[in-house]
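The values are calculated or read from the model by the stated rules, or taken from the named source; none is laboratory data. The structure presented is a predicted model; accordingly, all values stated were derived computationally and were not measured. With ideal geometry, Cβ positions are generated from the backbone for all residues, glycine too; neighbour counts draw on all protein chains shown.
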């Protein structure tokens, strides 16, 4: 199954290059290439498990950390792609992702410090926490797209939605398999094989979606009904210049009243409409 995943990921990379989608999804391209390489290295170590146990351990965790970081970057890329018409909301999303990254690193460090045992156990505990948190974020992004598909004017045939669908389903299955392995260790190999199958299916979905032309996105900004995203985007855009001037003149304490003013303005527009 690992060999099948490598073939599908290589095919996906060819499609991205052939259809010139690398500039639109640069992080997803790097993620696919890294996953193909990591799967190939893991397969080699699996075949040589009897003589390279120590090297396999360190290589596994290095590749795991790299995959996790790229998955976090892909989440950010998909969110920005979905919010293309809303420049102010993209700026807000960038800020939230930066704080999320800081929080994840801090949580991992605290987990490592609180874990008893040797250094390898501490690193393993920190990486496990980061991986599960990123998996939850992938599930959350999928739920966000499910709930806001019509409001964002997106179709499930678009590239970003298909990538989010594959990542979200795989993340949910991987989290479930991790939980079941802890409860039913006798079926560890079965659960791992099932996650490989799901990942191969997700990679196949990405290849099929990227190979097909993307449907035109409906322009929700021209819609007669003013959507919540449009109201927030306009409110944040109008607040940007005044907020920067207020911060420069009265200090950091003016930030919270400015946010409250933005929220009030959005709610007022909604009530008027």
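Pick from 133, 120: which is part of a helix (DSSP H, G or I) and modelled with pLDDT under 80? Answer to the selection: 120. As for segment 55-69, it holds at least one residue that is in a helix (DSSP H, G or I), modelled with pLDDT of 85 or more and under 16 Å from residue 166 (Cβ atoms). Candidates are the residues of segment 85-110 that are modelled with pLDDT under 75 and more than 16 Å from the chain's Cα centre (by Cα); the one that is surrounded by the most Cβ atoms within 10 Å (Cβ to Cβ) is 86.
Here residue 140 meets the list (1) modelled with pLDDT under 85; (2) under 11 Å from the mean Cα position of the chain (by Cα); (3) buried (at least 16 other Cβ atoms within 10 Å of the Cβ) almost entirely, failing just condition (3). Under the condition of being over 16 Å from the mean Cα position of the chain (by Cα), touching a residue at least 40 places away in the same chain (Cβ under 8 Å) and not in a helix (DSSP H, G or I), the residues counted in segment 3-38 number 2.
Looking at the structure I just gave you, is residue 129 over 30 Å from residue 214 (Cβ atoms) and either touching a helix residue (DSSP H, G or I) at 6+ places or on another chain (Cβ under 6 Å) or not assigned by TED's automatic domain parsing to the domain that holds residue 39 (or both)? Against the criterion (over 30 Å from residue 214 (Cβ atoms) and either touching a helix residue (DSSP H, G or I) at 6+ places or on another chain (Cβ under 6 Å) or not assigned by TED's automatic domain parsing to the domain that holds residue 39 (or both)), residue 129 qualifies.
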